[in-house]
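Novice: One structure, pasted below without further comment.
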Amino acid sequence: MKLLLTGSNGFIGNYFVNKYAANYKIARFSFLNDDFKSIHVEDVDVVIHLAALVHQMGGATKEEYEKVNVTQTLELAKKAKEGGVKHFIFMSTVKVYGEETDIAYTENSICSPEDEYGKSKLKAEQELQKLEDDGFKVSIIRTPIVYGYGVKANIKNLVSLVQKVSVLPFGGIDNKRSMVYIGNLCHLIDAVVRFQIKFGMTDVSGMASMNGMASVDGMTGSGVFLASDDEAISTTKLIELIAKELDKKVYLIKIPFFETLLKLVKPSFHKRLYGSLVVDNRLTKDILEFKNLYTVEDGIRFMTNGEVT
């Protein structure tokens, strides 16, 4: 089976290629470095579209998100469909649901994105689903924060903070946040590919209905799937696990009024440290007969020390 992987030089793409190169013939494409006209899809079975303009803490314009996450995605999908590709896998985000909440998001949760990144991803999902027919299946994978060795952004900053500072004011935070280790995410991508192979053109709507997964209604090996580690953990526990793997003694204390002050001064930072965002992906696991390969503890260990393959 031949796969076309976009964003193959990125964090997720590199891991997938290194882990699954023996299972598939993988062609790579970079929207940054390659000419779109040069893509050949006639002999490709599955397109895995990872390339995206991800959430920017400094902000990006609506037009920038639209161009990369919607327009480029649809151009690729239409070319794939015209070229005879049978299956298109799109990497999306739990931000299509909204922001932090005390209610767990599921495959069937109502989508109400609040920022331009989430809105662009949801629009891409909706437009992709319009292209679907018996010969062209679309699968959407929504992820929370993805972490692993070489991760950047917020998780990398947290690891650096733990390395440098021995006393941190993050004790006693009892929130719950779902994340997904990159090894579990790529294992899920592989499972979605194999799911389409397994069922071929067989109608699995009955199975989907039994599991309450409306988003796969009438589709063959397609629909909306959620990625997540099996355990949602608090910010305090996350820092403790990072410190343990770094063999660093860190004292987590609770300072009166610190949370209130942070909420006033840095509301976005406060939300990520104290807010909850839980993913319940039991339906995805049921549909795909899927189990994660790694625990949260495994993931944190591999994130700090590297994964032996």
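Each value in this text was obtained by applying a stated rule to the coordinates, not by laboratory testing. Source: prediction; values computed, not measured. With ideal geometry, Cβ positions are generated from the backbone for all residues, glycine too; neighbour counts draw on all protein chains shown.
Novice: With the crude spin-label approximation of a point 7 Å out along Cα→Cβ, what separation in nm comes out for Asp102 versus Asp115?
Specialist: Roughly 2.4 nm, to one decimal.
Novice: Let me ask something additional. Rank by packing, highest mean first: peptides 251-262, 175-186, with packing defined as the count of other Cβ atoms within 10 Å averaged across residues. Let's see the in-between values first.
Specialist: Values: 251-262: 12.2, 175-186: 23.7.
So the order, starting with the most tightly packed, is 175-186, 251-262.
Novice: Using only Cα atoms and rounding to the nearest 10 degrees, what angle (0 to 90) does helix 72-82 make with the longest principal axis of the chain?
Specialist: Helix 72-82 sits at roughly 30 degrees to that axis.
Novice: Looking at region 55-149 from every direction and averaging, what is the projected area of its Cα convex hull in nm²?
Specialist: Numbers: hull surface 29.9 nm².
For region 55-149, the mean projected area of the Cα convex hull comes to 7.5 nm².
Novice: Please give me the summed charge of the neighbours of Tyr24: other residues whose Cβ is under 11 Å from its Cβ, Lys and Arg +1, Asp and Glu -1.
Specialist: On the way: positive: Lys2, Lys19, Lys25, Arg194; negative: Asp45, Asp190.
For residues surrounding Tyr24, the net value is +2.
Novice: Mind listing P(r) for region 2-305? All alpha-carbon pairs, 20 Å bins, whole percents.
Specialist: Over region 2-305, the share of Cα pairs per 20 Å bin runs 32, 57, 11, 0 percent.
Novice: Net charge near Cys111: determine it from the other residues with C-beta under 10 Å of the C-beta of Cys111, scoring Lys and Arg +1 and Asp and Glu -1.
Specialist: On the way: positive: Lys95, Lys119, Lys121, Arg142; negative: Glu125.
My count for the surroundings of Cys111 gives +3.
Novice: Using a cut-off of 10 Å between beta-carbons, work out the net charge of the residues near Arg301 (Lys and Arg +1, Asp and Glu -1, Arg301 not included).
Specialist: On the way: positive: Lys244; negative: Glu245, Glu297, Asp298, Glu307.
Result for the local shell: -3.
Novice: Let me check against my output: what whole-number percent is the relative contact order of the chain, with C-alpha pairs under 8 Å and at least 6 apart?
Specialist: On the way: 533 pairs, mean separation 62.4, N = 309.
So the answer I get is 20 percent.
Novice: Go ahead and set up a Gaussian network model of the chain, Cα springs under 10 Å, then flag whichever of Thr284, Thr236, Thr61 fluctuates most.
Specialist: In this elastic network of the chain, the residue with the biggest mean-square fluctuation among Thr284, Thr236, Thr61 is Thr61.
Novice: Dipole of the chain, Cα-centred, from +1 at each Lys and Arg C-beta and -1 at each Asp and Glu C-beta, to the nearest 20 debye? Intermediate results must be reported in sequence, preceding the final value.
Specialist: On the way: 38 positive and 39 negative charges, 174 e Å.
I would put it at about 840 debye.
Novice: Stretch Arg282-Met1 to full length: gain in nm at 0.36 nm per residue minus the Cα-Cα span?
Specialist: Details: separation 281, 0.36 × 281 = 101.16 nm, distance 2.83 nm.
Extra length from Arg282 to Met1 when fully extended: 98.3 nm.
Novice: Could you tell me which of Gly83, Gln163, Tyr181 has its Cα farthest along the dipole of region 75-204 towards the positive end, charges placed at Cβ (Lys, Arg +1; Asp, Glu -1), taken about the Cα centre?
Specialist: Gln163
Novice: How large is the Rg to Rh ratio of region 1-118 when both quantities use alpha carbon positions and Rh follows Kirkwood?
Specialist: 1.00
Novice: Ok, one more. With r defined as the distance between the Cβ atoms of Ile253 and His40 and R0 fixed at 51 Å, what FRET efficiency is calculated, to the nearest 0.05? Don't skip to the answer; put the middle values down first.
Specialist: Values: r = 58 Å, r/R0 = 1.14.
Efficiency for this residue pair is about 0.30.
Novice: To the nearest 10 degrees, how steep is helix 182-199 against the longest Cα principal axis of the chain, on a 0 to 90 scale?
Specialist: Once rounded, one gets 20 degrees.
Novice: Give me the extension gain from Glu231 to Asp134: residue separation times 0.36 nm, minus the current Cα-Cα distance, reported in nm with one decimal.
Specialist: On the way: separation 97, 0.36 × 97 = 34.92 nm, distance 3.63 nm.
Full extension from Glu231 to Asp134 adds 31.3 nm.
Novice: Put a dot 7 Å past each Cα toward the Cβ at Leu74 and Leu246; how far apart are the dots in nm?
Specialist: 4.4 nm
Novice: What residues have an amide H closer than 5 Å to that of Ala27, excluding those fewer than 5 places away on the same chain, when H is modeled at 1.01 Å from N in the peptide plane?
Specialist: Leu3, Leu4, Leu5
Novice: Another question, then. Taking amide hydrogens as modeled 1.01 Å from N in the peptide plane, which residues meet the under 5 Å criterion relative to Ser139, leaving out close sequence neighbours?
Specialist: Distant-sequence amide H within range of Ser139: Phe88, Ile89, Phe90, Gly223.
Novice: Run the simple label-point estimate for Thr260 and Thr61 please: 7 Å along Cα→C-beta, distance reported in nm.
Specialist: Roughly 4.2 nm, to one decimal.
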